[in-house]
1. Show me the strands (runs of 3 or more DSSP E) entirely contained within segment 175-281 in which 1 or more residues are surrounded by fewer than 21 Cβ atoms within 10 Å (Cβ to Cβ).
2. Test ALA138 against the criterion of being open to solvent by less than 10 Å² (accessible area, probe 1.4 Å) and either assigned to a helix (DSSP H, G or I) or among the β-branched types (Val, Ile, Thr) (or both), and give yes or no.
3. List every residue pair whose Cβ atoms lie under 6 Å apart, where the two residues are 6 or more positions apart in sequence or sit on different chains, the first residue falls within segment 56-83 and is within 15 Å of MET29 (Cα to Cα) and part of a helix (DSSP H, G or I), and the second residue, located anywhere, is open to solvent by less than 90 Å² (accessible area, probe 1.4 Å) and among the β-branched types (Val, Ile, Thr).
4. Quick one: is GLY126 open to solvent by 20 Å² or more (accessible area, probe 1.4 Å) and at positive phi?
5. When the residues of segment 267-281 are filtered to those that are touching a helix residue (DSSP H, G or I) at 6+ places or on another chain (Cβ under 9 Å) and not β-branched (Val, Ile, Thr), which remaining residue is farthest from GLN211 (Cα to Cα)?
6. Out of (1) over 16 Å from the mean Cα position of the chain (by Cα); (2) open to solvent by 20 Å² or more (accessible area, probe 1.4 Å), the odd one out for PHE132 is which?
7. List every residue pair whose Cβ atoms lie under 6 Å apart, where the two residues are 6 or more positions apart in sequence or sit on different chains, the first residue falls within segment 323-344 and is free of Cβ contacts under 8 Å to residues at least 60 places away in the same chain and closer than 19 Å to ARG276 by Cβ, and the second residue, located anywhere, is in a strand (DSSP E or B) and among the β-branched types (Val, Ile, Thr).
8. State yes or no: is PRO244 out of contact with any Cys (no Cβ under 8 Å at 6 or more places or on another chain), without any contact (Cβ under 8 Å) to a residue 12 or more places away in the chain and not charged (D, E, K, R)?
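The values are calculated or read from the model by the stated rules, or taken from the named source; none is laboratory data. Keep in mind that this is a model prediction, so the values were computed, not measured. Glycine also receives a Cβ, built like all others from the backbone with ideal geometry; neighbour counts cover every protein chain displayed. Quick note on the areas: whole protein, heavy atoms, side chains included, nothing else; ligands and nucleic acids left out. Shrake-Rupley method; radii C 1.70, N 1.55, O 1.52, S 1.80 Å.
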Amino acid sequence: MSDVVDLQQLRVAIEQVDEDLLDALRRRMDLAEEIARSKLATASPIRDQRREDLLLQRIRAAALARKLDAHEVERLYRFIMEMSVARQHAWVTGLDTIPLRVAYPGIEGSYSHQMAHKRYAGRSGGVLLSGFDTPREAVDALRQGKVDLALLPIENTTAGAMYDTYDAIAEEGVTLIAELVDEVHHRLLGQHGAKLAALHTVRSHPQALVQCESFLRERLPHVRVLPELDTGLAAQRVRESNDPGLAAIASDSAAQRFGLEILERDLQGAKGDFTRFVEVAREASPLPAEVPCKTSLVMVLENKPGTLGKALLVLAERGVNLAKLESRPLPGSPWAYRFFLDLEGHAASAPLEAVLRDLQPYTQSMRLLGTYPRVDLQPE
C-alpha cells in the first residue's frame, strides 16, 4: 500500500513541475511580446539567427551540466523558439496600427540591413524588417502586398550598377519614392587570432569583391575569392566554418553580429566608397513643388540606326540633365536592351513633360519608374 501512496505523491510532484513549466513558458511568451515591441522600435528583424544560435549553444552546455541529453533538450528549445517567433508575429499582426513592413536583400549584418536600420529605426508605429535572398524576391514580396516598401542597393561609386536591382524594378507594379546614399566601410573579417598569411579563401558579395579588388590583389594575391549572395551571409559562413583560413569582406555590424575579428579595415581605399539605395513602393508619394527632384524611367528604343543618339538629343534640346544612363538586356529579345535613365527634375514639370512627349516616337515602350527627392550631398 505504501508503494501506491509513494507513486501517487510522485505523480502529484510531477504535475506540480508541469504547472511550473507551463507558468515559465507563459512568462517566456509574454517576454517575447516585449521583445517584438522593442524590435519594431529599433528596426530589427523578428528573427535573429545569431541570437538563436548563441541561445542553443548555452542551452546545450546547461543541459550537459544537469546530466540531461543535450540533443533532446536542443530539439525541445527549437520548438520553444518557434513558438516565441510565432507569438511575436501574432502580436505584430494584432496591433491596431500595423507597423511599416520593409523588405531588403540580405541578412542581418549586411549593408542593406545596416541602411534599413539607419533609415527606419525610431519610426513612430514601428518597423518590421524582412530580409530576402535577392532584390527580385524583395520586390516580388512588395508586388504581392506582403510588405509595404523595399529598400534596394542600386549602384556603387566603385563597382557601378547593381543589375539585379535594375532588373527587379523594370516591370510594372512598383515605383521609386526615394533615394539614399551611404558610405561603405569594408572590413576583412575572420576567426579570432587568424592571420592574413594563413588565409586561403575570402568570401563576399560580388560588388564588395570588386570594390576591394586592389586590396585583394596587393595584400592577398594567394587567396581564392568566392562570391556570396550577401556580405552578411559571407560573414555567417566564416563563423560557422571555424576555419582560420576563411575570411569575409563585410561590415562592422556583421563582425559584431557574428562574433568575428576585424583583421583589416577600410579595404576600399582612402578615396571613400558610396552606395546608392532606392526606396520602392507600390504607389507614388506626393512631393512638394520646391523639393529638388530626380525622375527615373525605363524605355525600349526602336531598333533603328541612330535612335539612341536622337533620344539623347531630345534631352539636350529641352535642357534636361541626364544624371545616369544604364542598359540591360531585354528578356526574350536577343540583342535588344532596356535603357534606364535618371533625369533631374519632376516628371510633372514642363521640361520633363516635353521630354517624355518627344521621346515617344523613338520608343517601343516607356515607363516612369518614379519621381523622388534628389540626394545631392554625400554623407560624412
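1. Hits in segment 175-281: 175-183, 201-204, 224-227, 261-264, 274-281.
2. The answer is yes for ALA138.
3. Partner pairs satisfying both residue conditions: TYR77/ILE59.
4. In short, no.
5. It comes out as ALA281.
6. (1)
7. LEU343/THR295
8. So PRO244 fails the test.
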